[in-house]
1. When you check D:TYR76 against the structure, is it more than 10 Å from chain E (Cβ to nearest Cβ), among the aromatic types (Phe, Trp, Tyr) and open to solvent by less than 20 Å² (accessible area, probe 1.4 Å), yes or no?
2. Against the definition (within 14 Å of chain E (Cβ to nearest Cβ), within 27 Å of F:TYR44 (Cβ to Cβ) and touching a residue at least 12 places away in the same chain (Cβ under 8 Å)), how does G:ASN21 come out, yes or no?
3. Scan the stretch D:34-72 residue by residue and report those that are open to solvent by 10 Å² or more (accessible area, probe 1.4 Å), under 24 Å from C:GLU53 (Cα atoms) and within 11 Å of chain E (Cβ to nearest Cβ).
4. Considering the stretch G:53-83 alone, what residues qualify as being of a type outside the set (Val, Ile, Thr) and under 11 Å from the mean Cα position of the chain (by Cα)?
5. Report, by residue number, each residue of the stretch C:39-78 that is in contact with a helix residue (DSSP H, G or I) (Cβ under 8 Å, 6 or more places away or on another chain), within 14 Å of C:GLN23 (Cα to Cα) and among the aliphatic types (A, V, I, L, M).
6. Based on what the data block shows, is B:LEU13 of a type outside the set (Lys, Arg) and in a strand (DSSP E or B)?
7. Just need a number here: residues in the stretch A:20-33 that are open to solvent by less than 20 Å² (accessible area, probe 1.4 Å) and at pLDDT below 95.
Amino acid sequence: MNPQAPTQSKRPLNVLQKATNKQVCVRLKNEIEYKGKMANVDPYMNVILVDAEETENGSKVANYGKVVIRGNNVLYVKIEDRL
Amino acid sequence: MNPQAPTQSKRPLNVLQKATNKQVCVRLKNEIEYKGKMANVDPYMNVILVDAEETENGSKVANYGKVVIRGNNVLYVKIEDRL
Amino acid sequence: MNPQAPTQSKRPLNVLQKATNKQVCVRLKNEIEYKGKMANVDPYMNVILVDAEETENGSKVANYGKVVIRGNNVLYVKIEDRL
Amino acid sequence: MNPQAPTQSKRPLNVLQKATNKQVCVRLKNEIEYKGKMANVDPYMNVILVDAEETENGSKVANYGKVVIRGNNVLYVKIEDRL
Amino acid sequence: MNPQAPTQSKRPLNVLQKATNKQVCVRLKNEIEYKGKMANVDPYMNVILVDAEETENGSKVANYGKVVIRGNNVLYVKIEDRL
Amino acid sequence: MNPQAPTQSKRPLNVLQKATNKQVCVRLKNEIEYKGKMANVDPYMNVILVDAEETENGSKVANYGKVVIRGNNVLYVKIEDRL
Amino acid sequence: MNPQAPTQSKRPLNVLQKATNKQVCVRLKNEIEYKGKMANVDPYMNVILVDAEETENGSKVANYGKVVIRGNNVLYVKIEDRL
């Protein structure tokens, strides 16, 4: 395998797509985090989270049944190993 | 069903479109929230809310019969289960 | 009528276009509001207001015979029912 | 005439173009204002002002023989009736 | 001549191009100014200044033999009459 | 070799691609740094880091098994020589 | 030669390209500066610096063997005459 020619399937946006239905933690530019199941994501990083909770500085602030986060606010998406 | 190949209809912008006429809560980047019936939304996340109320830190600030929110200000759209 | 398939004419930018010549309140990202007759608007949300007044925190600051607001500054456009 | 179908010539950018050589007041996002004759403007709202003066909080700060303002900084262009 | 139909050559970006090799003052969004000979400029307002000086609040801060300013930082370009 | 005509393969985004699987330090605009193995990167500078740690002002803040950083937040990517 | 018709090769992005392998000082919007050899640059002003040092308010903060700076953060690139 040649690390200089990664296959298209390993590109960041494809890896995100493959994490559909996994637990993720989305941190936004305003420092707030949302943890939940990533029901879907698109190439702009618009994300649908279900059964999500919002945390600020580690403490839970609110719960969300279903929320669509606009991609331009996203700082990162952390993919949790546990399902 | 293959979670790695979600159908197009489950993409974030399509899910938003399907929530037309549902109650939503739109939070903007400036932390202000608008709750009301989402009369319509487009792919840029421009949103029309009717019978909306603006809340800041949980207290109602103003009422809106019909308001068009410019999409680039949107942090997220929370879809309420209740109609 | 199927709410999942709204007609094109109800999209946010079209609804704004139809509000031409109505009284509107345009709030900008810097919190300042402009109220007046919306003589025109384009898809970028560039807005022409005539006989407008600028208010900040509810008190009138200035009057404008004719002003063109650059769309990227717009937070929302509230459409007034009264003409 | 149908207000729901404004002619193209009344669109915001066209109205601005027609105000060429008129006195305008350009307010920027940083709150500073520039008053002068608008020698030209393009669809991005890049503006050429001649014989302009810069004012901040109402007091004159500087004079400009000819200045090209980059459009993305523009908050609004107020078109003065007087020539 | 019809002021409502300015020729293409008078558009803001063309006027800037014609000011090549003239003395200009470029003010950036961060309030810092750069004065020097504008060796070149492109439609994005990327500017090359030579023999430039940087001033902040009117006092000289630094000298630049040749500097390329990224256009998106530009607030305005003031074209000096003197050469 | 002509330094004025660098080959395409030495362009910044290509150099980044070639650093796939190397240790990198990604600094974001909010001053936070993420160090880890860059599993992949795309032309927008969206980055996948694995076995990453977040540091702020030099002290470790958190660990990340796998994180996708949205490119528009990136200030720079420092490529570590050591593997 | 007509200064009103500069050749394409003198455009800002071309001049930057020609400065490949020269010493440059890149100042970012956050006021931090990076000095080093510009190994490459692309039209977005993404820059590769090698043997670079970071300075803040004139004092050295860190050293970088090889760093890729994302173009949108760049305020200017100063091209040093000395090699």
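1. On the way: more than 10 Å from chain E (Cβ to nearest Cβ): yes; among the aromatic types (Phe, Trp, Tyr): yes; open to solvent by less than 20 Å² (accessible area, probe 1.4 Å): yes.
So D:TYR76 fits the description; yes.
2. Values: within 14 Å of chain E (Cβ to nearest Cβ): no; within 27 Å of F:TYR44 (Cβ to Cβ): yes; touching a residue at least 12 places away in the same chain (Cβ under 8 Å): yes.
Considered against the rule, which asks whether it is within 14 Å of chain E (Cβ to nearest Cβ), within 27 Å of F:TYR44 (Cβ to Cβ) and touching a residue at least 12 places away in the same chain (Cβ under 8 Å), G:ASN21 comes out as no.
3. Within the stretch D:34-72, D:LYS37, D:ASN72 qualify.
4. Once the filter is applied, which keeps residues that are of a type outside the set (Val, Ile, Thr) and under 11 Å from the mean Cα position of the chain (by Cα), the stretch G:53-83 yields G:GLY71, G:LEU75, G:TYR76, G:LYS78, G:GLU80.
5. Selection gives C:ALA39, C:VAL41, C:VAL47, C:ILE48, C:VAL77.
6. Considered against the rule, which asks whether it is of a type outside the set (Lys, Arg) and in a strand (DSSP E or B), B:LEU13 comes out as no.
7. Let us first name the residues in the stretch A:20-33 that are open to solvent by less than 20 Å² (accessible area, probe 1.4 Å), namely A:20, A:24-26, A:28, A:32.
Filter once more, keeping what is at pLDDT below 95: A:32.
Residues that pass the stated criteria total 1.
The values are calculated or read from the model by the stated rules, or taken from the named source; none is laboratory data. Since this is a predicted model, take the numbers as computed values, not measurements. All Cβ positions, glycine included, derive from the backbone under ideal geometry; neighbour counts span all protein chains shown. Quick note on the areas: whole protein, heavy atoms, side chains included, nothing else; ligands and nucleic acids left out. Shrake-Rupley method; radii C 1.70, N 1.55, O 1.52, S 1.80 Å.
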